[in-house]
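Laboratory data are not the source of any read-out in this text; all were calculated from the coordinates shown. No experiment lies behind these values; they were computed from the predicted model shown. Note that each Cβ is placed from the backbone with ideal geometry, even for glycine, and that neighbours are counted across all protein chains shown.
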Amino acid sequence: MEYPAQLQTMHEIAYAAGQQIMRIYESGSPVEVAAKDDESPLTEADRRAHHLIVDKLSDLSQRFPILSEESEEISYSERSGWQTYWLVDPLDGTKEFISRNGEFTVNIALVENGIARAGVVHVPVSGLSYIGELGYGAWKIQSGATAERISSKEMTLGNQCLRVVASRSHLGEREQRIVARLRERFADLEIVNMGSSLKFCLLAEGKADFYPRLSPTSEWDTAAAHAVLRAAGGDVVTADFLPLRYNQKAELRNPHFMAIADASFDWRDMLHNL
């Protein structure tokens, strides 16, 4: 196998969770939705995927702690002692699942010393997966096909068409200012709308350049795709251009961030004073 055995195991677990999700997705029955404390939606598919992933990760020989979106709350006093742990979003894009548009994913990340080191983003509807580990690289895997190595795209000012990824909702005021600044610098700019962590994966496989996120997300929303993007040559930085880190504070909300396909490009100079 071209990629590390641990990454293969993560992929197998994510794929199995995706099969659980698809049994509900394809059942034809109305999706029953409960509201969590933060008013985000929760379905039976979230629960089934969570339990499968936690059970399988717990059975591995290296028993790292597990933090899942659907876990019971774990205090920071306990989490702060974790050097290496699993960070899981069993169903990222529950709203996309409910609306049945296919743009939802299973996310499993291995975080080490605050850095998303390895990640798998699996798309249950298509069977497509994105996997990556720092120091090894990133791959795209279509069910039943050979893994294809992927890499993010280098930036040039010239006449390049800049592809900016955005969520299905409208861009906020600050994102609009960023887009306006970028339009001044690039001859052509295209907005690509995408749900869930697939936005990062577009950057990782060279199909987009930039993804600003200046609205709330949680650490499990980003870690797996962050690892894939970094392994492919990109990165995720805060709005202050600092590295996005994990499990560094009691609050599990991410700061505002920007995902970038070319980590060597000087985005700070281009977007200063915004």
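Assorted remarks:
- With a cut-off of 11 Å between beta carbons, the residues surrounding G135 carry a summed charge of +1, where Lys and Arg count +1 and Asp and Glu -1.
- Protection proxy ranking of 76-82, 190-196 - average other beta-carbon atoms within 10 Å, highest first: 190-196, 76-82
- Cα shape, the stretch 5-150, gyration tensor, a/c 1.5 rule: oblate
- Shape category assigned to the stretch 64-211 from the gyration tensor of Cα positions, a/c cut at 1.5: prolate
- Dipole moment magnitude, nearest 20 debye, the stretch 5-150 about Cα centre, only Lys, Arg, Asp, Glu C-beta charged: 520 debye
- The chain: angle of helix 5-25 to the longest principal axis, Cα-based, in degrees nearest 10: 80 degrees
- A crude spin-label estimate for the pair A250 and D266, with each label 7 Å from Cα along the Cβ direction, gives 4.1 nm.
- Fluctuation leader among S167, S151, S61 - the chain, Gaussian network, Cα springs under 10 angstrom: S61
- In a fully extended conformation the segment linking E154 and S61 would gain 29.6 nm over its present Cα-Cα distance, using 0.36 nm per residue.
- Integer Hz, Karplus 6.51/-1.76/1.60 couplings in order for the stretch 74-90, x for Gly and Pro: 10, 5, 5, 4, 7, 4, 5, x, 7, 8, 10, 7, 8, 10, 10, 10, x
- Overall form of the chain per C-alpha gyration tensor (a/c, 1.5; a/b vs b/c): rounded
- Here the Gaussian network model covers the chain, with springs between Cα atoms less than 10 Å apart; of Q62, Q19, Q176, Q62 fluctuates the most.
- With respect to the chain, whose longest principal axis is taken over its alpha-carbon atoms, helix 219-232 is tilted by about 60°.
- Under Stokes-Einstein, with the Kirkwood radius over Cα pairs as Rh, the value for the stretch 161-270 at 10 °C and 1.306 mPa s is 113 µm²/s.
- Dipole of the chain, positive end: most advanced residue of G233, T84, L252 [Cβ charges, Cα centre]: G233
- Each stretch of four or more DSSP H residues adds -39500 (n - 2.57); spread over every residue of the chain, this sum gives -9000 deg cm²/dmol at 222 nm.
- Residues of type aspartates and glutamates that K95 reaches as a straight line, Cα spacing below 20 Å, ignoring anything fewer than 8 places off in the same chain: E26, E32, D37, D38, E39, E44, D46, E69, E70, E103, E219, D221
- Computed magnitude of the charge dipole of the chain (debye, nearest 20; Cβ of K, R +1, Cβ of D, E -1): 480 debye
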